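A quick write-up on the structure given underneath.
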Amino acid sequence: MVINVQNLTKAYGKHQVLKGISTTVAKGEVVAIIGPSGSGKSTFLRCLNLLEVPTSGSIVIGNDEITSPKADIARIRQHIGMVFQHFHLFPHMTVLQNITFAPTTVKGVSLEQANKKAMELLEKVGLKDKANVYPSKLSGGQKQRVAIARSLAMEPDIMLFDEPTSALDPEMVKEVLNVIKDLAQSGMTMLIVTHEMKFAREAADTIYFLDQGQLIEATPPQQFFSKPSSERAARFLEQVL
Amino acid sequence: MNKHRLLYVSMLTLVLLMALFGPVGSIAAQEVTGQAAEQTSEQPKKTLIMGTSPDYPPYESVDAKNSGEIIGLDIDIANYILGELGYELKIQSMDFSGLIAALQSGRVDFVMSGMSATEERKQSVDFSEPYYFARNTIVSKAEFGYETLEDLKGKVVGAQLGSIQEAVANEVEGATEVRKLNKIADLIQEINSNRIDAAIVEDAVAIEMTNTSAGLAMNFLPADEADGGYAIAFPKNSPYVAEFNQVIAQMEENGKLDELMQKWFPEAKEADASRGIIDFSVLEGYVPYILKGIGVTLLFTLVSALLGLILGSILSLFKISSIKPLKWFATAYTSVFRGTPLLVQLTLIYYATPQLTGYDIPALLAAGLAFGLNSAAYLSETIRAGIMAVDKGQQEAAMALGIPYSKMMVSIIFPQALRNILPALVNEVVALIKESSLVSVIGVADLMRRADVVRADTFRSFEVLLLVAAIYYVLVLILTSLARALERRLRRGD
């Protein structure tokens, strides 16, 4: 077990976004998080690396209780990669610098080594020729692949994807999903918030269905997509499929 | 996380202080105005520091055409007296209005600056016996040629601010108005523009005025020895007064004083009527002296811009910080420094620092501080806006990668914020270059100060003002084209 979440809640003032979520994620497990908008999917994901500070409950990752006040958040985040809907590449750095900045400044990796690793990753995501280009010259799909490479350069144990294809033009969705699928097959522990049902069915080991701040179902995709056990999930699937 | 921020902020502050006092300190050390007497002495001599305001030829002025040293009748007398007594002379240049304060705060040992021993001044300082009694004159357009104070009834009378003639002008019966101006050259302009009818000035100055400006005439007023004459000023109870008096008496006897007067006092001669209102040939010989001011102006602008940028960045961090007292401090700071005139801040820092703390702050350091502190108030707002304009996702991406707050700010957020606000920054630096001319009031030898020196020397204003205006304009043009190049470089990512 890599991630253990107990009774996680998050509220903004009186508005309760997460209403007590408990679950565990095993090492190498790929989880696709789906659900209607406003159900708390992104908030749940962002709690896992404390971009959102939980209101109550506990999250244990590996041996660290990250919700403990004594937790060294920056160190913990180094082990958790995150990919955002809007990429958030650093616009004043080249693709290569985007990828090498964190390893060299945070982990003290030599620039030479970081460059070598970055080129390997760029090759993996099919963008080796874009190493010295600035992000503004890239398409959305290319940007997202660079963002994935940037996260992987820190050699994380867990990867979080927050709607990685939602901001992309349709013809670019596939190139990004293929990269994520490859990553899933390599044994990386991943949680992916997505609206791509086909992708979720093919790539995920487990589907989390969230509604109104609650984890309604956590089941394998075959079972979820053929006969969901909750009525809410069934209604949701009717609408999106 | 707050702990990290606090650490980061205090580190930045330390770096700032080092950056500030490192370079500025050494600049200030170079900025020794005036000149020392002969340095070749077998045994170490005691050095006395003399304060003077070198804008009053022939008593004291800057030899702008040659070495840029301070020369004049007062300097020669001081050199002679100190030579007789076996002291070394060091000259400190400052504004006339700051001389008494310099004596009182012990910055200088004595003052010679064509200063009259008035009753009012005797309250605060001691004087030697007078070494010269100037005679007052009326200078006016030759066609009017006013001869007596009675002639000035119903006229507008001018005099130099703070001079002994100002008091005489105040007592002209029936004068419509007494106008007090800073410089002799200003008085000439005002007479030529018919804004004042006549000016009351002392004889040596009047001769220079009529020598350089065709169409002006001078008439002596009856000598009045009650004003005490020009004397050397000392701090109260100074031990030097008696020995100085002895040498002055000796100089009067052996004719040395007369000899020096002969050397320095101008002879009346026919003014060159062919000179037009604007004639750039009067600047001949002065141009190198003025050009040297460019370095001072640029150095000063650079120091204050850097200080403003560093301090402004820290303040902007305070403003976006979640720690309330830091926020309050930054807001109060901006409010005060933006809400009071820069000239007031400059004068306060320069004159109050030595009296409150005993630290004799050099003029250039005081000016750099005042401008830097002031500029920081404006820049902190600009930088804050620049930071707010950076997409919040940038911060989240950096946090998710485990990049600490300080590194994120320095390498991710600030570069993007700076790019956003570059045009505003350039505006600020352009303003600084031009506002830097204010520092001439505390005697920093920048472009404007040098222009003032040349005005005092030539008794003409337009030519040198036009020259420095052109220099400032070229400086700003160069700066803006550099900024454009920088902006292109920063925008290469787009």
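As a calculated quantity, the FRET efficiency between A:Gln223 and A:Asn4 at R0 = 25 Å, using C-beta atoms, amounts to about 0.60. Beta bridges from DSSP with both residues in segment B:136-227: antiparallel share about 60 percent, rounded to the nearest 5. Could you tell me which of rounded, prolate or oblate describes segment A:56-119, using a ≥ b ≥ c as the square roots of the eigenvalues of the alpha-carbon gyration tensor, with rounded for a/c under 1.5 and, failing that, prolate when a/b is larger than b/c and oblate otherwise? The shape class here is prolate. Projecting the Cα atoms of B:Leu309, A:His88, B:Ala242 onto the charge dipole of the protein assembly as shown, computed from C-beta unit charges around the Cα centre, puts A:His88 farthest toward the positive end. Taking 26 Å as the straight-line reach from the Cα of B:Lys269, the lysines in range (excluding those fewer than 8 positions away in the same chain) are B:Lys65, B:Lys141, B:Lys183, B:Lys256.
Enter the angle in degrees (range 0 to 90, nearest 10) between the Cα long axis of helix B:447-458 and the first principal axis of the Cα atoms of chain B, meaning the one along which they spread out most. Tilt relative to chain B: about 10 degrees.
The distance separating the Cα centre of segment B:300-357 from that of segment B:450-494 comes to 26 Å.
Shape descriptor for chain A: Rg over Rh equals 0.97 (Cα atoms; Rh from the Kirkwood inverse mean 1/r).
Legend: residue pairs A:Lys181/B:Lys407; A:Lys117/A:Lys143; A:Lys128/A:Lys198, Cα-Cα distance threshold 23 Å; pairs beyond threshold, A:Lys181/B:Lys407; A:Lys128/A:Lys198. Among the GluC sites (Glu not before Pro) in segment B:148-179, which ones are in a DSSP loop with at most 12 other Cβ atoms within 10 Å of the Cβ? Mind listing them? Passing sites in segment B:148-179 are B:Glu171, B:Glu173. Just checking the listed ones, A:Asp211, A:Asp72, A:Asp162: in the Gaussian network model of chain A with Cα springs under 10 Å, the one fluctuating most is A:Asp72. Once the Cα atoms are used to define both axes, helix B:342-357 deviates from the longest principal axis of chain B by about 80 degrees. Return one number: the angle in degrees, 0 to 90 and rounded to the nearest 10, between the long axis of the Cα atoms of helix A:111-124 and the longest principal axis of the Cα atoms of chain A. Relative to chain A, helix A:111-124 is tipped by roughly 60 degrees.
With both bridge residues required to lie in chain A, what share of the DSSP beta bridges run antiparallel, to the nearest 5%?
About 55 percent, rounded to the nearest 5.
Across q = 0.06, 0.11, 0.13 Å⁻¹, chain B modelled as identical point scatterers on its alpha-carbon atoms has Debye log10 I(q)/I(0) values of -0.36, -0.99, -1.23, in the order of the q list. Taking every alpha-carbon pair in segment B:136-227 and binning the separations at 5 Å intervals from zero gives 3, 16, 30, 29, 17, 4, 1 percent.
Quick check on segment B:354-494: take the gyration tensor over C-alpha atoms, sort the square-rooted eigenvalues as a ≥ b ≥ c, and tell me if it's rounded (a/c under 1.5), prolate or oblate. It comes out oblate by the Cα gyration axes.
Direction-averaged projected area, Cα convex hull, the protein assembly as shown: 43.9 nm², rounded to one decimal. Considering only B:Met388, B:Val125, B:Met209, and ranking their Cα positions along the charge dipole of chain B that arises from unit charges at the beta-carbon of Lys, Arg, Asp and Glu, the one farthest toward the positive end is B:Met388.
Across segment A:90-156, Cα-Cα pairs farther apart than 16 Å form 35% of the total.
Only the coordinates and a few stated rules stand behind these numbers; no lab work does. The shown structure was predicted, so the numbers you read here are calculated from the model rather than taken from an experiment. Positions of Cβ are backbone-derived with ideal geometry, glycine not excepted, and every protein chain shown enters the neighbour counts.
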